[in-house]
Each structure stands twice: as C-alpha cells, then as structure tokens.
Amino acid sequence: MAGSINKIDSDFLKKDIRYLKGVGPKKQSLFRRIGVKTVEDLLFLVPRRYEDRTKITPIKDITPGENVTIQGRITLKGKRRLFGKEGFGIIVDDGTGWIEVVFFVKNMRNLFSVGEKIIVTGRVEFDKYYQKPIFIHPEYSIIGKDSNDEIVAGMVIPVYPQTEGLDSRFIRKLVYEILKNDLDFPEYLPRFIIERENLSPLSDSIRKMHFPDTIEEGEKARKEIAFRELFQFFWRLNLERENLRKAYPLSKKGTLSTKFLENLPFSLTEGQRRVIKEIENDIEKNVPMQRLLQGDVGSGKTVVAIYSMLRAVENGYQATLMAPTETLADQIFLVLLNFVSGLPIKLALLKGSTKTKERRQILHDLKEGDIDILVGTHALLTEDVEFYKLGLVVIDEQHKFGVLQRYNLWRKEEEYTPHLLLMTATPIPRSLALTLYGNLELSLLKERPLGRGKIETIIKVERKRDEVYSWVFKKVLKGEKAYVVVPLIEESDYSREKGIKDLFNLYDYLNVIKPDGINIGVLHGRMKTEEKRKVMEDFRAGRFNVLVSTTVIEVGIDVKDATIMVIEHADRFGLAQLHQLRGRVGRGEKKSYCILIMSEGVSEEGLERVKALKKYESGFDLAEIDLKMRGPGEFLGTRQHGFGGFRVFHFYRDRDIIEKVRDYVFKLRENKIKLSEEEQLALSKLKERLKEAYYVA
Ligand code: ADP
Ligand code: MG
C-alpha cells in the first residue's frame, strides 16, 4: 500500500480497497463477498479468531495434530516430492531436535539460505513414509531478513473470515500495513461515558482488535468497538424521535375504561395490570408514547389495547387499531363490539373491501369526530383517511408491517403525534428486542391468563401417521376441532423427492381415511381473502371440524374450541413458527394437544427444534434457544436482513452491553446526564454524520 501515508484520515478510510497495493479487481470483488468495500471496512473486519503464536515449542516436544510455533536454524534445503507432488523442503533444527518443512512450490530455493534463523507456525502433520512429524505449507518468517513477514510468529495473530482466493494471511498483511500508520479517529462518545466505562481510544481498540498482545485483549478491544457502534446505532434511532411532535396527554381516567374493566368476564392477569400501568405512565405525558408490547400468543394483548384506546376516547380523542389482515381486523372488531357493548362509544371498521358508499360515510364521520375508535387494515393508511383528533394508534402484529407504513400513520396528524402502541406476538430474545426496537420502550406479557387449558406437546414419527389421525378423528367426533398444518401447498419435484406431504395430497389422504362425521376444510395462502374468510367462518361455526392448511393460520386466529394442532413435517419449520402454530390451540378451558409429526430422515437441527418445542412453553425461552442455534437472521427475517449495518457488534456475544448502552442513550435523550459543552459538540457532530451513514469511524 501507499507507504507515504502516515496519518489515516477519514478521506483515506473512505477509499476503495482497490487503492491498497496488492488488491486488484479480482481481490476487490472477493473482499466484497466478506462485506469489505473500503479501507474503513477492512479495519472494522472482526477476526474470526486468534492464534496464539507467542509460545515457542521445542521441536522435541511437538506432537502431530497440534498447532505449534517453533524457532530454529535452517540446516538443509532442496527439492522434495510429497504425495506425488513436486515441492521444496527445508530442515529446521533448534538444538532439541529437527523437523522437515515442506512447501508445494517449486522455486523457493532463493527464499531460504542454510544457516538462517526461521520461525515456523502451523499444524504438525505426520509423514507416514518416514514415520516422522512434518510441517506442510505452514506460515513462516525468517528472522532479520524477511521484514515483510514480521507478523507471522511470536505474536497473537488474527484469523479472518476467508473466502476462496482470499486467504487470512493476505488480509492480515494488508491490515498490518495500514496499522503501521497513525490512526486518528474522531471521538463522539461523551467523555462521561468513556471514563465511566473505562474505554480505550477507538484507534487503540482497532489496533488491539487486530493485533492484541493476548487473545483476551483482542476480545476486549472488539467489545469496546461494538460499544461505540451500538451507541451510534441507538443515537441514530433516537434522532427519529426528534421529529415527533407533542402528544395529547391522556391523563383523565373516566368511566369508559373503568366500566370496561368491570364488565370483563375475567380479572386481569398480573402481567396485564403491569403493562397497563406502564402505558398509563406514558400516555399521561405530552410526549408521544412509543411502546412495543410483546406478548406470546394468547397472552391477552387485545384487552390491553382496548383499554388504552378507551383511555384516549374518554379524554376526548380518537383511537385507531390497525391489523395486518382483514380476518384479524374483523376478529378484533367483533371482540371490541362485544367488550364495549353498552358503553357510549362509536366504532367503525375500515378495510380494503369496504364498499365505496360506506367508506365515504366512515371517512366523513371520522373527520367530524363522530367515530371514536376505528379498526382497520392497511386501508387506514391511504391519504384520504383523516382523523378529527387522533390520540392513540395501536398496531397489532406490527412485524407484519414495514417501518415506513408505521411512520405514515402517525404522520397523518399534523400538529400532534398520537401515542403509539405496537403489539407483536413474535417472541424475540431480549437482546434482539432491545436493539431491533432500540427507540421504543418495551413491555412484556409473558404469562398466559390463568384458567386457560394446558397444551400437551407430543412428538410422533411419520410411520405413526395413521395412528395419529385415527386418534385425532376420535377426539373430533367427540366435539373437538383440529388444525392440520403442512409445509407446502402442492406437490413438486422437491416434495416428491423429499417425501413431503403437501396440502392437497394430505387432504386427499385424510378424506380417504376419515370416518363419517368428519368434515375437512382447506385453507392456503393462494386463496382469495373472501374465500379464506369463509373457510375460517365455517371452521369456527363447526361446518368443518378439521382444517387442513398451510401456515396462513399462523397469525392471530382465535377459535376457542380448536384443541388439536397437528403439524406435518414439523422438523421443517422454524422454532418461532412452530411456537406460533402451537399457540392456535389452548385458547379455551379444555386441554389441548400439539402433535409434531417428524419427517423420515429428520435433520439433526430439525430434531433439536422439535425437542425444544416439547421442552419449553414460553416463546421467550424458545427465542433464546433459537438465537443460539441460528443467529439473529431467523428473527430479523429477510426484510430486515443486514439490519443496523453492524460490523462489529454481535447480537449474541455482545448481549451483555446492549442494555447499558441503550440506557445511556435514553438518559441522554431525557437530559438526565449533564454534558459539558465539548461533549455536546461531539454529539451534535455525530448527529450530522449519522445522517449520512450508519456507522462512521
Ligand atoms: P393475544 O395476546 O394473542 O392477542 P388475546 O388478547 O386475543 O391474545 O387473548 C386471548 C384470549 O384470552 C382471548 O379470548 C381473551 O378474551 C382471553 N383473555 C385475555 N385476558 C384474559 C384474562 N386476564 N383472563 C382470562 N382470559 C383472558
Ligand atoms: Mg392478538
């Protein structure tokens, strides 16, 4: 690389990696594959692991199979054949013994001279022919002669993610050369935090992450970089909040919400009470609430949502609830009608399929303030939906909506920002939730309401399919209802090859073996909304008592007397999905069953997932396991893949600092930390730069 540079400034960091010596178009595109475009990216490339080469092993003590570093003198060199290949060999002697070192390159003659001192690092192999230990193509450096290779031995060295054609050794050299220069990263973290957390300057951390003195030092340096990265991330999210306007404070507690609670046929769970308190604390202020309510399926989020909306109404404002599908919107509307019957409030339902005339009336009434609570789907997001005084927005199953849509809805209100309650039944581990929803307050409903039926989870193998269904049919004939979920809609080459039951052949199969009195319905994602709704209605009403479906029933469907969930090829589903599916049963008082049918030739991970589902009931426990098993991708989904632009921060390894960093940002936002002028300046500079990129060095 350009040896003339001795101060690394931000211009240099932004340079394409191709600028570096030895990186041509081919290496450039290989670097892209591991996410490295610029010099800066390279400096933030986290070593996969380190190799401790600080320990020199006497040659007499080395054992084949181990990674060791030796140091000795070259006593012999020459051509060497090994495994039928032409190569070059040297003998290294350290006084305790000697070993042969072989390279598969013909002309290395000039690289070595007899009598030179050399350090060799690598895995010791065993030469069967001579019955002796041997090094095959190890890393080496010649002491005092080969200044280019000063990073090979006697140090803790980084091992980077490799891809074919781009090996760790090359990357290491490149990084090493850059780090020979002066690094000068600007500091944005308030000194208060740096001192309190005892952080090293960023430049030092970068240096140490690549070339630490000990492996522990390397990990500590990485974590310090992750800390800064996370801070910037949360700070950026925090900036979004600056765009929010004031909110209407909903401080009055009136008869609507009180009556609603009195009329409930059950008492609130401990969790519901706690969450309601948290919400009340927020909405009483004139700062808009931004709260996410996470609650397992069936944990009773709807009641909390209705209560919150009533609090808006009794303060003289409107509230709205948006659901991701028409079916869910219908369902919530029905629940709402039922729970608030007798209370003096006006409700409306707005969907894509709402007839023009009715729609016009709703829009008119809404604008006049004649509707108190509006339930709907995406249809709420169109331009012409105008509220009179929108005080609170609830978004159910928020993960089904894009971030932009969420934004739109609260932007509709010009002068005021409504309080926002997001709800999700997708249990994600706390570390992820804290980050993914880094600008939101979090509430959690973990427990299921008391008195709800228990769910027994049973694992069966495919061979037992007939048995499973004859047991299911027996139960159904006694008045219960069953879901059967399959992974695919129709037969394909893939399903034939893998022997996977698809929706239609399972449907046919069940129709052949079913006794009288069993009526089977079909539901899948390719059906029209209206058709789907009809099937669900028929199932609810009992015109079907078995429903074969794909995972379309996953979200929010509530049929209380469905007590059996059979999942075909359960091992093929993700853990989160399995958990969601299981949550479709156990909604009434009766005992429920979730039967997991495993594919023949189930994979190890598939089996692990199915077993975890049997073992754990709570979605949050399962989510932690999932995070460990599959990494964060599983939770973030494809839409949010690459979320956050993190380069160093790792959801699992750094879960211990998330809360701390988040806390700092929240405190700063609420002005709970007094900053010096200098610190304020640094933060506002950061703000400027964050507008450009996720992470700036
Ligand atoms: P989810 O969190 O999945 O949206 P719901 O709000 O639909 O859950 O609640 C699931 C079921 O539990 C509903 O039938 C609801 O009426 C009932 N429920 C809610 N809260 C309680 C409670 N405290 N005690 C008993 N049943 C409750
Ligand atoms: Mg719900």
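Taking each of LYS7/LYS180; LYS21/LYS180; LYS528/LYS560; LYS481/LYS534 in turn, the alpha-carbon distance tops 20 angstrom for LYS528/LYS560.
Per atom type, the range 55-154 shows carbon and sulfur on 50% of its accessible surface, probed at 1.4 Å. Taking label positions 7 Å along the Cα-Cβ direction at both GLU530 and LYS85, the computed distance is 6.9 nm, reported to one decimal. Taking 12 Å as the cut-off, the amide N atoms of the range 103-124 that come nearer than this to a point 7 Å along the Cα-to-beta-carbon line of ARG73 belong to 114-118.
With a simple spin-label model that places each label point 7 Å from the Cα along the Cα-to-Cβ direction, the separation between SER113 and GLN680 comes to 6.6 nm.
Between LEU420 and MET289, GLN290, ARG291, VAL393, the built amide H atoms are under 5 Å apart, and every one of these is 5 or more places off in sequence or on another chain. Maximal additional length on extending the LYS591-LYS367 stretch stands at 76.0 nm, based on 0.36 nm per residue less the C-alpha distance. Computed with a 1.4 Å probe over protein heavy atoms only, the accessible area of SER205 comes to about 0 Å².
Measuring r between the beta carbons of ASN198 and LYS55 and using R0 = 22 Å, the FRET efficiency lands at 0.15. Where only DSSP H runs of four or more residues are counted, the chain gives -11500 deg cm²/dmol as its mean residue ellipticity at 222 nm, each run worth -39500 (n - 2.57). Simple point charges give the picture: +1 on the Cβ of Lys and Arg, -1 on the Cβ of Asp and Glu, and for the range 455-617 a dipole about the Cα centre of about 600 debye.
Amide H contacts of LYS15 (H built 1.01 Å from N, in plane; Pro and chain starts excluded): VAL39, GLU40 sit under 5 Å, all sequence-distant by 5 or more or on other chains.
Scoring 560-573, 62-75 by mean Cβ neighbours within 10 Å over their residues and listing the highest first yields 560-573, 62-75. In this structure the chain gives 47 Å² per residue of accessible area when probed at 1.4 Å with all protein chains present. Each residue was assigned an accessible area with a 1.4 Å probe, and for LEU442 the value is about 40 Å².
On the range 455-617, 47 percent of the accessible area sits on carbon and sulfur atoms, based on a 1.4 Å probe. With viscosity 1.002 mPa s and temperature 20 °C, the Kirkwood radius over alpha carbon pairs of the chain converts through Stokes-Einstein to a diffusion coefficient of 72 µm²/s. Mean sequence separation of contacting Cα pairs (under 8 Å, at least six apart), scaled by the length of the range 413-555, corresponds to a relative contact order of 23 percent. Within the straight-line cut-off of under 17 Å between alpha carbons, the lysines reachable from LYS660 are LYS220, LYS223, LYS672, sequence neighbours fewer than 8 places apart in one chain being disregarded. With 0.36 nm allotted per residue and the present C-alpha distance subtracted, the HIS137-GLU605 stretch has 164.9 nm of extension available. A Förster distance of 30 Å, applied to the separation of the beta-carbon atoms of ARG274 and GLU670, puts the FRET efficiency at 0.90.
Distance from the C-alpha centroid of the range 284-340 to that of the range 186-218: 45 Å, rounded to the whole angstrom. Residue order by solvent-accessible surface for HIS650, HIS524, HIS399, HIS364 is HIS364, HIS650, HIS399, HIS524, largest first, with ligands and nucleic acids left out and a 1.4 Å probe. If you take all other residues with their beta carbon under 11 Å from the beta carbon of ARG465, and give Lys and Arg +1 and Asp and Glu -1, the sum is -1. The overall shape of the range 455-617, judged from the alpha-carbon gyration tensor, is rounded, with an a/c ratio under 1.5.
Work out the FRET efficiency for ARG543 and ARG653 from their Cβ-Cβ distance, taking R0 = 60 Å, and round it to the nearest 0.05. For ARG543 and ARG653, the calculated efficiency is 0.70. When the range 1-96 is described by a simple charge dipole with +1 on each Lys and Arg Cβ and -1 on each Asp and Glu Cβ, the residue from GLY87, THR75, ILE17 located farthest towards its positive end is GLY87.
Full extension of the chain between LEU264 and LYS460 yields a length gain of 66.6 nm, computed as 0.36 nm times the residue separation minus the alpha carbon distance. Basic side chains Lys and Arg get +1 at the Cβ, acidic Asp and Glu get -1 at the Cβ, and with that the dipole of the chain about its Cα centre reaches some 660 debye. Here is the link list: LYS27/LYS208; LYS253/LYS667; LYS259/LYS351; LYS351/LYS400. Which ones come out longer than 18 Å on Cα distance? The answer is LYS27/LYS208; LYS253/LYS667; LYS259/LYS351. Counting only heavy atoms of the protein chains and using a 1.4 Å probe, SER113 has close to 50 Å² of accessible surface. Dividing the mean sequence gap of close Cα pairs (under 8 Å, 6+ apart) by how many residues the chain holds gives a relative contact order of 13 percent. The string of couplings for the range 188-199 from the Karplus curve (6.51, -1.76, 1.60, θ = phi - 60°) is 10, 5, x, 4, 3, 6, 4, 5, 4, 8, 6, 8 Hz, one whole number per residue in order, with x for Gly and Pro. Take every DSSP beta bridge whose two residues both sit in the chain; close to 40 percent of them are antiparallel. Comparing PHE103, LEU421, GLY376 along the charge dipole axis of the chain, the residue lying farthest to the positive side is PHE103, per the Cβ-charge model.
The values are calculated or read from the model by the stated rules, or taken from the named source; none is laboratory data. Everything numeric in this text was worked out from a predicted model, so none of it was measured. Because the Cβ atoms are built from the backbone with ideal geometry, glycine has one as well, and the counts that use them run over all protein chains shown. Side chains included, ligands, DNA and RNA excluded: accessible areas come from the protein's heavy atoms. Shrake-Rupley method; radii C 1.70, N 1.55, O 1.52, S 1.80 Å.
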